[in-house]
Structures are given as C-alpha cells and as structure tokens.
Amino acid sequence: MKSPPKPTVPLPPHVEAPAQPPDPAPGPASLVNLEVQNLFPTPVAGGMLAEAPQINAALRAVILEREKGHASTQHSNLGGWQSTWDMLDWAGPAIHQVVEAAKQLATKLTADRQGNPIPIQWKVNCWANVNRSSHGNEFHSHPGAYWSGTYYVDDGGIAGNPELGGEFEVQDPRGVAPVMYAPLLTFATPGGLTLGSSELVSPRAGMMVLFPSWLIHAVRPYHGAATRISIAFNLSL
C-alpha cells in the first residue's frame, strides 16, 4: 500500500522560500552547410616561355645596343634605363614572339559578361627596362589598357640569390583599410596572410607575368652587380 502524502506545512510569513537554481544557458546554435567564398578575385598569371633561351639572347643584345644610343624616358622608373614605347618597331622578331604569347594568354583569360570566350584583336605597346644596382620602379598602374604584363629577359641573378631583391610587388587592391582596425588579425582563408599588404613575384629569365592594368604594382630595388632586363607591355582594345 502507498504511504499517505505528507501534509504541507506552510512557512511562517517572515521565512522566504529557497531560491530555485537558474536554468542553464543554452549552448551555441549549430551552423550547418557552411560555405566560404573568396569574392572578387584578381587574376595574376605567370608562366615560362619554352623558347626563352633563344628569345632572350636576341632581346638582350638589341636592348643593350639601343640603350647606348638613346636616352632613358622617365615614368615610374627610379634610376635605370627605360626605352620608348615603340619597341615593336626596333627590337626584331623576338619581341613579336613575346607579344604574341602575351596576346594568346590575355585572350585565354578574358571572357564576355556571360563567361563565354571571346576573340579580341589586342592593340599592344611595349618597352624595355634595364635596371642595375639600386634601380627599381615606384608604385603605379597602367591607365588606358585592359591587361598589362612583364617579360624577364635577364633576372640579374635574382633566381639564384633572392637576397638581390628586384621583386615584382603587387599591392592588395582592397587597400590597407582591412588591417587598420586590427593589424594583428587577418582572414583564415586562402590568401588571407597578405590582407592589406603586398604579394611578391621573384623574377626568372623567361618568365611572363600578366595582370589587370589597374592593379597597383612596383619593382623593388635591385641590389645585384649584374643587369636586370625586362620588357613591359600593355594590351588594349
């Protein structure tokens, strides 16, 4: 048989009932189907020309000869020698090989607004750069073009000794704003470590680099004792 219920004894008026423990706080909600997208990518393409040894020998000779008889132009260059922008007229067949490779790469990386391939008859202007010790280029862009690029005729020994400097430097197009508030933090996503700073490309003879013309870039000072020779070009419509 069940025991009869115990009688409830009312508390005196001056005695409070014991407090009930609060309900435990709920844990965090569970996030499922997480997707992280890196939006607004900026393409920077690079590759080597298979025919570089022959092309570079021809270009090196004609560029150094041109330097002897023509004064340097002055744009973004900090020291060194920069030719006029009519290199296609005086540099011989080798420069046309380089430019045709650049045009093919640019076409491959360009589409219409629906993402479809589109044939483009690129207009090209190009010039030579000769840098020796302490020479470089300040930050700049290339207005009036869609793609721009660099081809390295002679890396000045940088490929074998990165301490010689002379790197191609690309600034984050988002600027420094993302790191002004919390400079010790960055995004834990691919590419996050250079948020608000720069990416560096170390030149190698025979390498071509292609990038959007609006992208701010520079050449860090070269500290070698040899000669760093490159060709810059613009592709416009």
Helix-only [θ] at 222 nm, the chain, -39500 (n - 2.57) per DSSP H run of 4+, per residue, nearest 500, equals -5000 deg cm²/dmol
Rounded to the nearest 5, what % of the DSSP beta bridges within the chain are antiparallel ones? 100 percent
Plugging the Cβ-Cβ distance of F139 and L185 into 1/(1 + (r/R0)^6) at R0 = 25 Å yields, to the nearest 0.05, a FRET efficiency of 0.50
Would you mind telling me which residue in G136, G160, G115 has the biggest mean-square fluctuation in a Gaussian network model of the chain, where springs connect alpha carbons within a distance under 10 angstrom? G115
GNM of the chain, Cα pairs under 10 angstrom: of L105, L34, L200, the biggest fluctuation goes to L34
Using a 10 angstrom cutoff on alpha carbons, build the Gaussian network for the chain and name the most mobile of N137, N38, N56. N38
If the label point sits 7 Å along Cα→Cβ of L34, residues of the range 166-198 with amide N under 12 Å come out as 188-189
Subtracting the Cα-Cα distance from 0.36 nm times the residue separation, let me have the gained length for K68 to E51 in nm, one decimal. 3.5 nm
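Read-outs: derived from the displayed coordinates by stated rules, not from any lab. None of these values were measured; they are calculated from a predicted model. Neighbour counts are summed over all protein chains in view; Cβ atoms, including those assigned to glycine, are modelled from backbone coordinates with ideal geometry.
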